[in-house]
Amino acid sequence: MAKKIILDVDPGIDDAVALCLALEDPALDVLAVTATGGTVSPEQATINVQAIVEQLDPPRLPRLGCASPDQMLRTDGRHLFGADGLCGAHFAVAKRHHQHSSVKVICDEVRAAPGDVTIIATGPLTNIAAALQQQPDLASLIGHLIIIGGTLSGPGNVTAAAEFNIYCDAEAARAVFQSQTTKTLVPFDLTSRVVLNFDLLEKLPGEDSPRGELLRKILPGAFRMYRQNLGVEGIHLHDAVAVIAAIEPELFTTERMYGDVETEGTLTHGVTVFDRRRLPENRPNMDVAVDLDTAAVTQRIVRRLVE
Ligand code: RIB
Ligand code: CA
């Protein structure tokens, strides 16, 4: 039976690619796609979610959730992927007059299938923390939460020490880490091992397919931005790795750990800290991916994008 999924995303190129993978995979039943600010403002994230889902036109439309315009974020990612977060792709969207909040959609969908829903969180954890704060029993009703973010042993990508998703809303991340939810963290050090090369562009499906059209609009700009802004010949698709973790967890090695988030440090704000001492002070609160089969994960992503 297909795994029931909610994707909580801040699109973002790699979030868009994660949506491509998830919405088309028969192993997943995507119930909802909820927007959070992060890479872009909450308003832009909401528009991007709608645009990407409409562009992909999946056989079964997921519910969409909108990010709260009041979301407080420490930074955004516009310097890397442009003001719209999608390298200026310009997808047309019809204005929606009424859309439920991401938090409501998450709460509703988890309650409708208690214990059965996996949430893949590929942006700041504001929505998940708010859902858990509004409905504390939700923690035991979420089947599994897969989080992209944090670092196991650094370095960061937004500051010298911190990873972007966690840094944007470190307080929310801390609350989610400390919740009773069953969760797996896939840290930035691991997702960074997966690098997609330029030859991906030549293998993409044609513009006559919805996926081909979307990927051909966003990926060339992503390669350009990575080269110009980061000096990297290739791109990372961190969030796509999360979708593979949901479909093929056996490609990842995890360890049980106690993880927490620094919310006060000047140089270390948003840093993830794991108690790996022989005798940790607290009981483990998450599985942390410590290794992955890089070649297999990369191959799975490429195969799903080009087939
Ligand atoms: O640090 C990488 C993460 O930050 C990815 O999820 C990217 O999309 C941004 O949200
Ligand atoms: Ca993201």
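The values are calculated or read from the model by the stated rules, or taken from the named source; none is laboratory data. These numbers were taken from a predicted model, which means no experiment stands behind them. Positions of Cβ are generated from backbone atoms using ideal geometry, with glycine treated the same way; all protein chains shown enter the neighbour counts.
Here are a few things to note about the model shown:
- Among the criteria (1) away from ligand 2 (no atom under 14 Å from the Cβ); (2) outside any helix (DSSP H, G or I), the one Val176 does not fulfil is (2).
- Hey, Ala83 crowded, with 23+ Cβ neighbours inside 10 Å and at negative phi or not: no
- Of all the criteria given as (1) more than 16 Å from ligand 2 (Cβ to nearest atom); (2) in contact (Cβ under 8 Å) with a residue 40 or more places away in the chain; (3) within 29 Å of Asn157 (Cβ to Cβ); (4) of a type in the set (Asp, Glu), the one not satisfied by Glu109 is (3).
- Selection count, the range 227-241, where residues are among the aliphatic types (A, V, I, L, M) and either away from ligand 2 (no atom under 16 Å from the Cβ) or modelled with pLDDT under 95 (or both): 2
- Test: residue in the range 46-63 that is farther than 25 Å from Val17 by Cβ and surrounded by fewer than 21 Cβ atoms within 10 Å (Cβ to Cβ): no
- Of all the listed residues (Asp8, Asp57, Asp70), the sole one being touching a strand residue (DSSP E or B) at 6+ places or on another chain (Cβ under 9 Å) and either within 14 Å of ligand 2 (Cβ to nearest atom) or not basic (Lys, Arg) (or both) is Asp8.
- For Ala83: the one exception among (1) over 19 Å from Ile148 (Cβ atoms); (2) within 15 Å of ligand 2 (Cβ to nearest atom): (2)
- Residue in the range 199-211 that is in contact (Cβ under 8 Å) with a residue 60 or more places away in the chain and within 13 Å of ligand 1 (Cβ to nearest atom) present: no
- Qualifying position, being under 17 Å from Ala242 (Cβ atoms), in contact (Cβ under 8 Å) with a residue 24 or more places away in the chain and part of a strand (DSSP E or B), among Ile128, Ile119: Ile119
- 1 or more residues within 13 Å of ligand 1 (Cβ to nearest atom) and touching a helix residue (DSSP H, G or I) at 6+ places or on another chain (Cβ under 7 Å): qualifying strands (runs of 3 or more DSSP E) within the range 1-94: 3-9, 28-35
- Residues in the range 109-128 that are away from ligand 1 (no atom under 16 Å from the Cβ) and buried (at least 16 other Cβ atoms within 10 Å of the Cβ): Glu109, Val110, Asp116, Val117, Thr118.
- One residue stands out among those in the range 148-198 that are touching an Asp or Glu at 6+ places or on another chain (Cβ under 7 Å) and β-branched (Val, Ile, Thr): the one that is farthest from ligand 1 (Cβ to nearest atom), which is Thr184.
- Residues considered: Ser192, Ser140. Of these, the only one that is surrounded by fewer than 23 Cβ atoms within 10 Å (Cβ to Cβ), more than 15 Å from ligand 2 (Cβ to nearest atom) and of a type in the set (Ser, Thr, Tyr) is Ser140.
- If the condition is being of a type outside the set (Ser, Thr, Tyr) and not in a loop (DSSP other than H, G, I, E, B), then the range 136-155 contributes Leu138, Ala139, Leu141, His144, Leu145, Ile146, Ile147, Ile148.
- Of the residues in the range 230-240, at least one is more than 24 Å from Pro284 (Cβ to Cβ), within 19 Å of the chain's Cα centre (by Cα), within 16 Å of ligand 1 (Cβ to nearest atom) and part of a loop (DSSP other than H, G, I, E, B).
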